[in-house]
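Each remark here refers to the structure printed beneath this line.
Coordinate-derived values only; no laboratory data. Everything quoted here is computed from the prediction, not taken from an experiment. In this analysis, Cβ positions are derived from the backbone assuming ideal geometry, glycine residues included, and neighbour counts consider all displayed protein chains.
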Amino acid sequence: MTTSVLELLRCPVCGAPGRAEQQGRVFACLGPRRHCFDFSRSGYLNLCPSGKAGSGDAREAVRARSAFLEAGYYRPLSDAVNGLLDELGAVRVLDAGCGEGYYTNRMAPGRVVLGADLSRPGIDHAAKTAKRTGSGAGFVIAGLFALPVRDAALDAVVSLFAPCAGQEFARVLRPGGYLILAGAGERHLLGLKRVLYDRPYLNPGREDLPRQLEPVRREQLLDTVTVRGSEQIAALFSMTPYYWRTSAADRARLDRLDELETEIQFDIFVYRKGH
Ligand SMILES: [Zn+2]
């Protein structure tokens, strides 16, 4: 992990800043207790209080989602987020709830980027990708509601399809820093739902928008994609909430397709922390 990324971090136990020690094998805090955390083989840090790591996505889900995302179907969202970061002049960025790191690794070149997630397989995949591509992003296993990040350390927090921890995001943002929040728009995956359901409904708006930060902008991104191959269609399906509540009979209609055309729609919200 680069020194610039390590400088964003704080000890999850005592809150002190830290640095790499023992030839870069550990992250050691500078508090009186000198808490130490080993870097994994793939280069991430587990900064989660014991017992909590691993409550995120399982390895199989991570593999399916990476295959889908790396095929580029959601690249318009990644490009839009990177464009916003450029426009807002954000250099030090946290991707909160980064999953397998697809968006994180794409936002890292030219910036100081940290990805945090509770899923060990997700973070492991993200760190391996960073190593292979040299993206420069650093990754930690951590919960979003108690981030191991120093106060006011960041120019921007990005939260994509992840829970919004408004109060914690406000703590880690510098005054004047931005939160970029994105999730499913009302027509997102309507083509998929037309296959599954006789009467597909529109997605509801999200109810966890932060109250601690000031809304400055809202954008919508609407596109149509053709997902090719039953494996990619199944991967997309496994990323949705419908995966858990669709009957086998309805699911069978999707399994018969080799090609699926669907709308993708993302709602992007930008918030700002006051001075
Ligand atoms: Zn400590």
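Per-residue ellipticity at 222 nm for the chain, helices alone: DSSP H runs ≥ 4 residues times -39500 (n - 2.57), over residue total, nearest 500 deg cm²/dmol? Could you put the intermediate results ahead of the total?
Numbers: 9 runs with 81 residues, N = 275.
It comes out at -8500 deg cm²/dmol, rounded to the nearest 500.
Note on Lys131/Ala71: beta-carbon distance plugged into 1/(1 + (r/R0)^6) with R0 of 30 Å gives a FRET efficiency of 0.90.
With charges set only on the Cβ (+1 for Lys and Arg, -1 for Asp and Glu), what does the dipole of the chain come to about its Cα centre, in debye to the nearest 20? Present the calculation step by step, with values, prior to reporting the outcome.
Details: 36 positive and 31 negative charges, 165 e Å.
The calculation lands at about 800 debye.
Each peptide in 176-183, 125-132 gets a packing score, the mean of other Cβ atoms within 10 Å over its residues, and the list from highest to lowest is 176-183, 125-132. Here the contact order of the chain, divided by its residue count and restricted to Cα pairs under 8 Å and six or more residues apart, works out to 18 percent.
The packing ranking, built from the mean of other Cβ atoms within 10 Å per residue, places the peptides 112-121, 81-90 in the order 112-121, 81-90, highest first. Rounded to the nearest Å, what's the spacing between the alpha carbon centres of the range 184-208 and the range 71-133? Just the number, please. If you average the Cα positions of each part, the centres end up 26 Å apart. Dipole of the chain computed with +1 at Lys/Arg Cβ and -1 at Asp/Glu Cβ about the Cα centre; of Pro241, Ala182, Ala162, farthest Cα towards the positive end is Ala162.
A DSSP coil position with no more than 16 other Cβ atoms inside 10 Å describes the following chymotrypsin sites (Phe, Trp or Tyr not before Pro) in the range 180-263: Tyr197, Tyr201. Taking every DSSP beta bridge that has both ends in the chain, the antiparallel portion is near 60%. Straight-line reach only, C-alpha to C-alpha below 20 angstrom: list the aspartates and glutamates that Lys193 could link to, leaving out same-chain residues fewer than 8 apart. Straight-line reach from Lys193, under 20 Å: Asp223, Glu231, Asp250, Asp255, Asp258, Glu259, Glu261, Glu263, Asp267.
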